Amino acid sequence: MLNPVALVAHKEFIDGFRHRWVVFASLSFALLSLAVAFLGSAVSGQLSTPELAPTISALATLAALVIPLLAVLLGHDSFVGELEGGTLLLLLSYPISRWQLLLGKFLGQGAVLATTCFIGFGVTAVALGFVVGTDQLLELTAAFALFIFSSALLACTFLLVSYLVSLAVSTKGRAMAICLLLWFVLVLLYDLVLLGLIVAEGSESWVRALMMANPVDLFRLSNLVYVEHQSVSGVLSLVTSQNSNLWLMLLLMFAWSAAGLFAGWQIFKRKRV
């Protein structure tokens, strides 16, 4: 007999793929990443064979926008939606603790997002494998393995952010509004504010620390550092120009997920249902 965590995770995984927009997201990832990889050189006026570093750089920019949005759309009503529908109280009447319910939902929906990243970007990796030389296959495989792994970590981080919102508010509409606001601030506004602060204050050291505190920047930086892409502009160049530690960045992304899971548990165990 499966334990409660595995049962909840299995249910969430199946439910996630019943939503057509999740399947649509996988197809969208595949089509967009294929277009970026094979048509990205068109901006220079000619089509050429894709190169690994520029391709990973362009894909990281694309994924940093889309993956957090997909994660918060999936997770924003995970708890407040159950509460509004009356199913959260029913679930908790079964022999399952709140910690097990939270962990089961996270594992199930996290698996949905990880599978989406694997399918969407894996298709592009396979397609690139047919056009690059055999001497680059190992390098290509390693770069895309890191890219897909870090994409799943980024998705799990924003899934947990949406859980925190879903546990803290009383309606699905408010949860959606707050999640979209957080996505806008962390994904679109954060780097622009840091760039403005650099220009205004002239200090760079503490700005680097703030960048390392943002999971979106950690995701982009870890992939850019790995492929040693040099054409980086904006505030990201502050970190890529230094001796950056890839493992530290991945460890910080894990820390974001661990902190989100712990904070979610603290809120959930005090929540009145």
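For a quick check of your reading of the model, give me the residue pairs whose first member lies in region 33-58 and is assigned to a helix (DSSP H, G or I), whose second is modelled with pLDDT of 70 or more and among the acidic types (Asp, Glu), with beta-carbon atoms closer than 7 Å and at least 6 apart or on different chains.
Matching pairs, first to second residue: Leu52/Glu139; Ala53/Glu228.
Please find, among Leu89, Leu128, the residue that is more than 19 Å from the chain's Cα centre (by Cα), in a helix (DSSP H, G or I), surrounded by 22 or more Cβ atoms within 10 Å (Cβ to Cβ) and of a type outside the set (Lys, Arg).
None of the other options fit; the residue is Leu128.
This table checks each residue for (1) open to solvent by 10 Å² or more (accessible area, probe 1.4 Å); (2) of a type in the set (Lys, Arg); (3) modelled with pLDDT of 90 or more; (4) out of contact with any Phe, Trp or Tyr (no Cβ under 6 Å at 6 or more places or on another chain).
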{"position": "Ala35", "(1), (2), (3), (4)": "yes, no, no, yes"}
{"position": "Ser48", "(1), (2), (3), (4)": "yes, no, no, yes"}
{"position": "Leu65", "(1), (2), (3), (4)": "yes, no, yes, yes"}
{"position": "Leu70", "(1), (2), (3), (4)": "yes, no, yes, yes"}
{"position": "Ala111", "(1), (2), (3), (4)": "yes, no, yes, no"}
{"position": "Phe118", "(1), (2), (3), (4)": "yes, no, yes, yes"}
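Any residue at all in region 139-147 that's among the small types (Gly, Ala, Ser), part of a helix (DSSP H, G or I), touching a residue at least 12 places away in the same chain (Cβ under 8 Å) and buried (at least 23 other Cβ atoms within 10 Å of the Cβ)?
No, region 139-147 contains no residue that is among the small types (Gly, Ala, Ser), part of a helix (DSSP H, G or I), touching a residue at least 12 places away in the same chain (Cβ under 8 Å) and buried (at least 23 other Cβ atoms within 10 Å of the Cβ).
Which one of Leu252, Leu140, Leu236, Leu248 is more than 26 Å from Ala37 (Cα to Cα) and either modelled with pLDDT of 90 or more or in contact with a helix residue (DSSP H, G or I) (Cβ under 7 Å, 6 or more places away or on another chain) (or both)?
Details: Leu140 fails: more than 26 Å from Ala37 (Cα to Cα); Leu236 fails: more than 26 Å from Ala37 (Cα to Cα); Leu248 fails: either modelled with pLDDT of 90 or more or in contact with a helix residue (DSSP H, G or I) (Cβ under 7 Å, 6 or more places away or on another chain) (or both).
Only one candidate passes the filter, namely Leu252.
Of all residues in region 119-139, which are aromatic (Phe, Trp, Tyr) and more than 24 Å from Ile67 (Cα to Cα)? Before the answer, list the steps.
Filtering region 119-139 for residues aromatic (Phe, Trp, Tyr) gives 121, 130.
The one that is aromatic (Phe, Trp, Tyr) and more than 24 Å from Ile67 (Cα to Cα): Phe130.
Identify all residues within region 213-233 that are open to solvent by less than 40 Å² (accessible area, probe 1.4 Å), of a type outside the set (Asp, Glu) and at pLDDT 65 or above; write none if there are none.
Result: Asn214, Pro215, Val216, Leu218, Phe219, Leu221, Ser222, Asn223, Leu224, Val225, Val227.
Regarding Leu164, is this residue closer than 19 Å to Trp265 by Cα, part of a helix (DSSP H, G or I) and touching a Phe, Trp or Tyr at 6+ places or on another chain (Cβ under 7 Å)?
No; evaluated as a whole, the condition is false for this residue.
Just to check your reading of the model, which residue among Phe121, Phe149, Phe130 is in contact with a Ser or Thr (Cβ under 9 Å, 6 or more places away or on another chain), of a type in the set (A, V, I, L, M, F, W, C) and within 22 Å of Leu34 (Cα to Cα)?
Residue meeting the stated conditions: Phe121.
Sort through Asp217, Asp191, Asp135 and tell me the only one that's without any contact (Cβ under 8 Å) to a residue 24 or more places away in the chain, among the charged types (D, E, K, R) and part of a helix (DSSP H, G or I).
Of the residues listed, the single one that is without any contact (Cβ under 8 Å) to a residue 24 or more places away in the chain, among the charged types (D, E, K, R) and part of a helix (DSSP H, G or I) is Asp135.
For region 57-98, enumerate the residues that are within 19 Å of Gln109 (Cα to Cα) and among the polar types (S, T, N, Q).
Answer for region 57-98, where residues must be within 19 Å of Gln109 (Cα to Cα) and among the polar types (S, T, N, Q): Ser78, Thr87, Ser97.
Return yes when Phe268 is surrounded by fewer than 13 Cβ atoms within 10 Å (Cβ to Cβ), modelled with pLDDT of 90 or more and out of contact with any Ser or Thr (no Cβ under 6 Å at 6 or more places or on another chain) and no when it is not. Quick ask: steps written out before the conclusion?
Working: surrounded by fewer than 13 Cβ atoms within 10 Å (Cβ to Cβ): no; modelled with pLDDT of 90 or more: yes; out of contact with any Ser or Thr (no Cβ under 6 Å at 6 or more places or on another chain): yes.
No: the conditions fail for Phe268.
The values are calculated or read from the model by the stated rules, or taken from the named source; none is laboratory data. Treat the numbers as computed from the prediction; the structure is a model and nothing was measured. Note that we place each Cβ from the backbone using ideal geometry, even for glycine, and neighbour counts take in every protein chain shown. Just so you know, the surface numbers come from the protein's heavy atoms only, side chains and all, with ligands and any DNA or RNA stripped out. Shrake-Rupley method; radii C 1.70, N 1.55, O 1.52, S 1.80 Å.
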